[in-house]
């Protein structure tokens, strides 16, 4: 009955999805009233064509700093700071909150994650590929080293001093060594202003002591919204910790010699100028910023790599690195198919079928983006441009250059070559079926367009898009868009034969793993991109090693400690002791309070090597079997009633029933839309917002918790040696939450791949 009631609980929670973050929406209205100013500023910036140029020049990119600070750049490039703006999970989460709160949060989230972009008045909703390079760098060099004020706790509000690469930087020490460098400008071939020749560097180093203090980290690592809902809690934990009392800073553990341990700093030059190491015995602060987080972005996009900038972010997102594109093995295997399809595409292109297929694919993407931006006239430019380009591609098909009969005849030779290559495949049955479907579609193909209807529809959509771009009223833009949708679907019907035909070509390419988008049709491009991916993968392995060290240095497991002797046919009670050996903050700590996961996985293996009991197992999605498990709700796994889980969650108070455990503070109401009632007592008295509080399960600094288990008697069926395998498991985001905010399967797969095991070990014992 206990497990059953928990499943019902989860079902209730799923019904609440429409109310996601409603309490936050109400709470933030006052805090983010300034968002109107923000939008207005962005609009003003658009009026002056020189603004963007000036703004870009006055916010230098990390790649400019890398010229002299190569070591620091490499450490930073794969760090969580560098990942802040790129994180696809951040974007999914932030957009979900924004949509469901009707925009009341304004720029709250992006002002930490894209601080430079926010200060440059880049619109909050702008995708990465529309942002400046420096904004895509998240917490970049100037985010910290162009700050000269002590802001303390202000929820990400920090003023970055604008200035080109030659402007002064701010550091923990003054520029006494730097002054000596300036005296050797000609020798070192450096330039401190645009009138000089040489490597461009900053013109001064100004002492700013707070950058080396824990307080400097507060503005983004202690975040609360109105009425006291805490989304970042690290500072609260740190200021009450033994580390704080001993004067140990955040930097000492997160930028020191050993990840997560106060062990001093390695020695390294502050810079390398013209091949000369500058101040080589200086304390080096590692800009990897050791932590438990990890990236799930495309490895061509992250870590930051100047070589990756040869392609746009949108192009990278089309590069299938998991399929092996660009590797020697893949290209050799694909070569015979690629050659055959080049001939197929050449013949089909003249009929217009390719233009129709790809044109409609691109048009669908562009109109989908348009539908989300109709309320913001200043954000329509890019999707309107994309839609126009798609229409141009479709327009190429209006006057076919190749007769259908000519195409059919010419395809026979290429189909024969494809058939021979397919016979060599291990999975030839699936490929043969796809080839047969294509041959059948070829026989039925009579051309792409018919009559004047297609041309008229094409012209109509073009006119409507131009009208949409000029319309000032948001409601009228909605009406125009509906008309565009109607005409577009009519055009699709007229072009259906061409779309269906080339879809069969694309399907066969997909089966054979050679369905390259136009941007990646050249094998040389794929091989160059693969080199970038492999270089980035190497950097990610370094990050993974750092992450594992942080987690292993932050906690330990002792045990098992038996409460009774292990005997056949008897239950066994035992415990493990989990200790947070970190003296600076809780285990776990970090963002959102309720998101980072650390849980215990214990399994009993009998003398025959069979797993006879387990706690901390996961369902088919990767979630452990608590009340939020999708697998549990579907009846695929049993409720894990002995789960040891350190993940904190919110408790929400509801109109009827008891408190509910939730991953965000949402109050379930009987009304159609929840609203925030006036509290009978102020937040300052109860220390949490009314109707929501946090159920803290994390372990405080140097504290311990017992993980108690009772293994049932049925697990001990025979005498002999049994083994208890134990590990702590760590993951940045729960899968149920990722699905809730619309994460892709690729994101979920990568999240699970990065899951790390902490202190795994096995103990053998005798059962009599």
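Inspect all residues belonging to segment 660-670 and state whether any of them is outside any helix (DSSP H, G or I) and at pLDDT 90 or above. It would help to see each step written out before you state the result.
Filtering segment 660-670 down to residues outside any helix (DSSP H, G or I) leaves 660-670.
From what is left, the residues that are at pLDDT 90 or above are none.
No, because not a single residue in segment 660-670 is outside any helix (DSSP H, G or I) and at pLDDT 90 or above.
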(request) From (1) under 27 Å from residue 748 (Cβ atoms); (2) over 26 Å from the mean Cα position of the chain (by Cα); (3) at pLDDT 70 or above, pick out the condition that doesn't hold for residue 699. (result) (1)
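If I filter segment 345-360 for residues that are under 21 Å from residue 504 (Cβ atoms), assigned to a loop (DSSP other than H, G, I, E, B) and not assigned by TED's automatic domain parsing to the domain that holds residue 424, do I get at least one hit?
Residues of segment 345-360 that are under 21 Å from residue 504 (Cβ atoms), as a first pass: 345-360.
Those left that are additionally assigned to a loop (DSSP other than H, G, I, E, B): 350-352.
Still in the running and not assigned by TED's automatic domain parsing to the domain that holds residue 424: none.
Checking segment 345-360: not a single residue is under 21 Å from residue 504 (Cβ atoms), assigned to a loop (DSSP other than H, G, I, E, B) and not assigned by TED's automatic domain parsing to the domain that holds residue 424.
Results for (1) buried (at least 21 other Cβ atoms within 10 Å of the Cβ); (2) touching a residue at least 40 places away in the same chain (Cβ under 8 Å); (3) within 19 Å of the chain's Cα centre (by Cα), shown as yes or no for each residue.
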residue: 296; (1), (2), (3): yes, yes, yes
residue: 301; (1), (2), (3): yes, yes, yes
residue: 306; (1), (2), (3): no, yes, no
residue: 314; (1), (2), (3): no, yes, yes
residue: 317; (1), (2), (3): no, no, yes
residue: 327; (1), (2), (3): no, yes, no
residue: 331; (1), (2), (3): no, yes, no
(request) Looking for whichever is on the phi > 0 side of the Ramachandran plot and surrounded by fewer than 21 Cβ atoms within 10 Å (Cβ to Cβ) here; the options are 260, 264. Which one fits? (result) 264
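Residues checked against (1) modelled with pLDDT of 95 or more; (2) touching a strand residue (DSSP E or B) at 6+ places or on another chain (Cβ under 7 Å):
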residue	(1), (2)
685	no, no
706	yes, yes
715	yes, yes
732	no, no
736	no, no
740	no, no
748	yes, no
(request) For residues that are farther than 30 Å from residue 238 by Cβ and in a strand (DSSP E or B), tally how many sit in segment 694-745. (result) 9
(request) Working only within segment 280-310, note down all residues that are outside any loop (DSSP other than H, G, I, E, B) and within 24 Å of residue 249 (Cα to Cα). (result) 283, 284
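Only one residue in 438, 494 is in contact (Cβ under 8 Å) with a residue 60 or more places away in the chain and more than 35 Å from the chain's Cα centre (by Cα), so which one is that? Outline the logic, then answer.
Details: 494 fails: in contact (Cβ under 8 Å) with a residue 60 or more places away in the chain.
It is 438.
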(message) Return the residues of segment 168-190 that are surrounded by 14 or more Cβ atoms within 10 Å (Cβ to Cβ) and without any contact (Cβ under 8 Å) to a residue 24 or more places away in the chain; say none if nothing qualifies.
(response) 182, 185
(request) Answer yes or no: is there a residue in segment 506-523 that is surrounded by fewer than 17 Cβ atoms within 10 Å (Cβ to Cβ), in a helix (DSSP H, G or I), modelled with pLDDT of 95 or more and within 26 Å of the chain's Cα centre (by Cα). (result) no
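Run down 87, 107 and say which single residue is out of contact with any helix residue (DSSP H, G or I) (no Cβ under 7 Å at 6 or more places or on another chain) and not assigned by TED's automatic domain parsing to the domain that holds residue 371. Talk me through it step by step, then tell me what you get.
Numbers: 107 fails: out of contact with any helix residue (DSSP H, G or I) (no Cβ under 7 Å at 6 or more places or on another chain).
Exactly one of 87, 107 is out of contact with any helix residue (DSSP H, G or I) (no Cβ under 7 Å at 6 or more places or on another chain) and not assigned by TED's automatic domain parsing to the domain that holds residue 371, namely 87.
The values are calculated or read from the model by the stated rules, or taken from the named source; none is laboratory data. All values derive from a computational prediction rather than experimental measurement. For neighbour counting, all protein chains shown are included, and Cβ atoms are generated from backbone atoms with ideal geometry for every residue, glycine included.
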